[in-house]
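Some notes on the structure that comes next.
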Amino acid sequence: MEKYRHELKHSISYGDFLMLTGKIGLIAKPDENMRDGEYFIRSLYFDSYSDKVLREKLDGLGEREKFRIRFYNMDSGFVRLEKKSKKEGLCLKRSAVLTKEQAEKIIAEDIHFLENSEEPLLRELYIKMLTEKLRPKIIVDYKRRAFVFPYGNVRVTFDYEISSSYDLENFFGEAAKIPVPNEIILEVKYDEFLPQIIADITRLGGRQVCSFSKYAAARYI
């Protein structure tokens, strides 16, 4: 059953990063996918010719969605199409497996093979590429340090060294990058409740939760 989750974000300093990863590491389990304390994420985001996705984010629309193709640690054997939906502050993520060859076809806008896919999410992308003119728009790279806490199904992540690229043809290779300066993003995701110990650690002296978007930040470099 699909389930919306809470998602809180903070833009933090390097000092915050060092302090928080130390504290969280004492009570939460490191994500098993990390290598030497981190892993690398590359995403390719879709948007329309009129930048519908970007405009909805900047306008603070309560309900919105975005599609992306994502893989980790430059491993092209594990590629996913993802759709992230937001509804009044809650988030839902759906995903479907892609091969490298399928992803390359989508990036090249050769999408006819999606029409009769048995995977609903792939068919949905096909329809929206036809009707809403969604197109591959930009690559966003970053490194992540992640922790999991079982009570409340909490996931705490720190994203840093964020960069962007319009070199879409090299999505699986050495794409030319532009750094997104001075951004470290703390994200806290959870189900029905946030355990008090996590809330206390991540409160950051009462600083406000932000609505940072890596996609929007990458577009505005």
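Go through the range 21-35 and give me each residue that's within 24 Å of residue 165 (Cβ to Cβ) and either without any contact (Cβ under 8 Å) to a residue 60 or more places away in the chain or in a strand (DSSP E or B) (or both).
If the condition is that a residue be within 24 Å of residue 165 (Cβ to Cβ) and either without any contact (Cβ under 8 Å) to a residue 60 or more places away in the chain or in a strand (DSSP E or B) (or both), then 35 is the only one that fits.
The rows are residues; the columns are (1) under 18 Å from the mean Cα position of the chain (by Cα); (2) of a type in the set (Asp, Glu).
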position	(1), (2)
16	no, yes
48	no, no
75	yes, yes
86	yes, no
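Looking at this structure, is residue 194 of a type in the set (A, V, I, L, M, F, W, C), in a loop (DSSP other than H, G, I, E, B) and out of contact with any Ser or Thr (no Cβ under 7 Å at 6 or more places or on another chain)?
Answer is yes for this residue.
Hey, residue 101 hits all of (1) of a type outside the set (Ser, Thr, Tyr); (2) at pLDDT below 95; (3) loosely packed, with under 14 Cβ neighbours inside 10 Å but one; which does it fall short on?
Going through the list (1) of a type outside the set (Ser, Thr, Tyr); (2) at pLDDT below 95; (3) loosely packed, with under 14 Cβ neighbours inside 10 Å, residue 101 breaks only (2).
Give the range 151-174 a look and list any residue that's in a loop (DSSP other than H, G, I, E, B) and either under 26 Å from residue 105 (Cα atoms) or β-branched (Val, Ile, Thr) (or both), or say none.
Of everything in the range 151-174, those that are in a loop (DSSP other than H, G, I, E, B) and either under 26 Å from residue 105 (Cα atoms) or β-branched (Val, Ile, Thr) (or both) turn out to be 166, 167, 171, 172, 173, 174.
Is it fair to say residue 36 is within 30 Å of residue 200 (Cβ to Cβ), crowded, with 17+ Cβ neighbours inside 10 Å and either at pLDDT below 95 or not polar (S, T, N, Q) (or both)?
Against the criterion (within 30 Å of residue 200 (Cβ to Cβ), crowded, with 17+ Cβ neighbours inside 10 Å and either at pLDDT below 95 or not polar (S, T, N, Q) (or both)), residue 36 does not qualify.
Please go through (1) among the hydrophobic types (A, V, I, L, M, F, W, C); (2) out of contact with any Leu (no Cβ under 8 Å at 6 or more places or on another chain); (3) buried (at least 16 other Cβ atoms within 10 Å of the Cβ) for residue 156 and return the number of the only condition it doesn't satisfy.
Exception for residue 156: condition (2).
Take the range 104-114 and flag every residue that is in contact with a Phe, Trp or Tyr (Cβ under 7 Å, 6 or more places away or on another chain) and either without any contact (Cβ under 8 Å) to a residue 60 or more places away in the chain or loosely packed, with under 15 Cβ neighbours inside 10 Å (or both).
Listed by number, the residues that qualify are 105, 111, 114.
Here is a list of conditions, (1) under 18 Å from residue 21 (Cβ atoms); (2) among the acidic types (Asp, Glu); (3) touching a strand residue (DSSP E or B) at 6+ places or on another chain (Cβ under 7 Å), and residue 200 meets all of them except one; can you say which number that is?
That leaves (3) as the condition not met.
Quick check: anything in the range 6-20 within 21 Å of residue 161 (Cβ to Cβ), modelled with pLDDT under 95, basic (Lys, Arg) and out of contact with any helix residue (DSSP H, G or I) (no Cβ under 8 Å at 6 or more places or on another chain)?
The answer is yes, given that some residue of the range 6-20 is within 21 Å of residue 161 (Cβ to Cβ), modelled with pLDDT under 95, basic (Lys, Arg) and out of contact with any helix residue (DSSP H, G or I) (no Cβ under 8 Å at 6 or more places or on another chain).
Kindly indicate the residue of the range 43-77 that is under 20 Å from residue 159 (Cα atoms) and aromatic (Phe, Trp, Tyr) and also surrounded by the most Cβ atoms within 10 Å (Cβ to Cβ) among those meeting that condition.
The qualifying residue surrounded by the most Cβ atoms within 10 Å (Cβ to Cβ) is 45.
The values are calculated or read from the model by the stated rules, or taken from the named source; none is laboratory data. Quantities reported herein were computed from a predicted structural model and do not represent experimental measurements. Glycine gets a Cβ as well: all are built from the backbone with ideal geometry, and neighbour counts include every protein chain shown.
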